[in-house]
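Taking it in order: structure first as structure tokens, then the write-up.
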Amino acid sequence: MKGSVSHNSAFMRGLLNRLFIAAAGGSRRKPLMRTADIFPEGLEFDRRFEEIRAEIEQLLQKRSLKRYQDIDPLRAAEVSADWRLYYAYFLWEENRSAQADMPVTLAIAKAIPHVINVTVAVLEPGVSLAAHAGPYAGVLRYHLGIRVPRENPPRMRVGDQFHTWKASESIVLDDVFEHEVYNQAKEIRVILMVDFMRPMNALCSALNRRCLTMKSRWGRHMIEQAMAP
């Protein structure tokens, strides 16, 4: 029975992904996009970079971020067990700790209705992310460089395009494309990740919001696990 439910869920997600990808332009989609072109509201994160960086630097001094293995072990086995993450906002649920840890970042996120998740992501020296693809096509992901090693900086491949992060600069990726991160730096790389609903027509956008809302209800354990101290 459990296997049947899992199979049906994967089948439905596959149908939704095909619908959303078609609505977003199909093969004409770009793996990497300028924030101003696809997520203009997200430029508020860019504008307030110094405040956001100060919050995140303080966060890293007082908290030990969770390994991905301890949040989502199945997914971590495909990507990286040692990726370190702090969820300030997850499926529209506010992390209580983030109210004190990241009030500016959280306030910006909550003012944008189609922002779903806000995460601080840390790659320690030598930790890379294996080639993988996002499981759900209803979201896009914004990256803002917070702390990036100057020597041998990590870079990301998304589809057939490459990106090297720079502090204070942002980019948006379509993570349904296969992507991976190469990190041979001797210092940590820190970015702010913001997931937002993919821009689509009104019908697909309404369906997407409905699916994500249902996921937040069904995934309560995952939310609690991601946000636990």
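The table below lists the values:
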quantity	calculated
Given (1) more than 16 Å from the chain's Cα centre (by Cα); (2) open to solvent by less than 30 Å² (accessible area, probe 1.4 Å), index of the condition R210 fails	(2)
Residue list for region 123-138, restricted to those being surrounded by 20 or more Cβ atoms within 10 Å (Cβ to Cβ) and in contact with a Lys or Arg (Cβ under 8 Å, 6 or more places away or on another chain)	L123, A137, G138
Unmet requirement for V139, which otherwise passes all of (1) under 22 Å from E50 (Cβ atoms); (2) in contact (Cβ under 8 Å) with a residue 40 or more places away in the chain	(1)
Conditions (1) in contact (Cβ under 8 Å) with a residue 12 or more places away in the chain; (2) out of contact with any Ser or Thr (no Cβ under 8 Å at 6 or more places or on another chain); (3) assigned to a strand (DSSP E or B): number failed by M193	(2)
Odd one out for R18, checked against (1) open to solvent by 30 Å² or more (accessible area, probe 1.4 Å); (2) under 29 Å from N152 (Cα atoms)	(2)
Residue within region 2-15 that is in contact with a Leu (Cβ under 8 Å, 6 or more places away or on another chain) and either more than 25 Å from V176 (Cβ to Cβ) or at pLDDT 90 or above (or both) present	no
Members of region 95-115 that are surrounded by fewer than 16 Cβ atoms within 10 Å (Cβ to Cβ), modelled with pLDDT under 95 and not polar (S, T, N, Q)	R96, A100
Helices (runs of 4 or more DSSP H) completely within region 7-101 that count 2 or more residues being over 16 Å from the mean Cα position of the chain (by Cα) and closer than 24 Å to A131 by Cα	73-78
Residue check for V118: β-branched (V, I, T) and open to solvent by 10 Å² or more (accessible area, probe 1.4 Å)	no
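The values are calculated or read from the model by the stated rules, or taken from the named source; none is laboratory data. Worth saying up front: this structure is predicted, and the values here are computed from it rather than measured. Glycine gets a Cβ as well: all are built from the backbone with ideal geometry, and neighbour counts include every protein chain shown. Ligands, DNA and RNA are stripped out before the accessible areas are found, and what is left, the full protein with its side chains, is counted by its heavy atoms. Shrake-Rupley method; radii C 1.70, N 1.55, O 1.52, S 1.80 Å.
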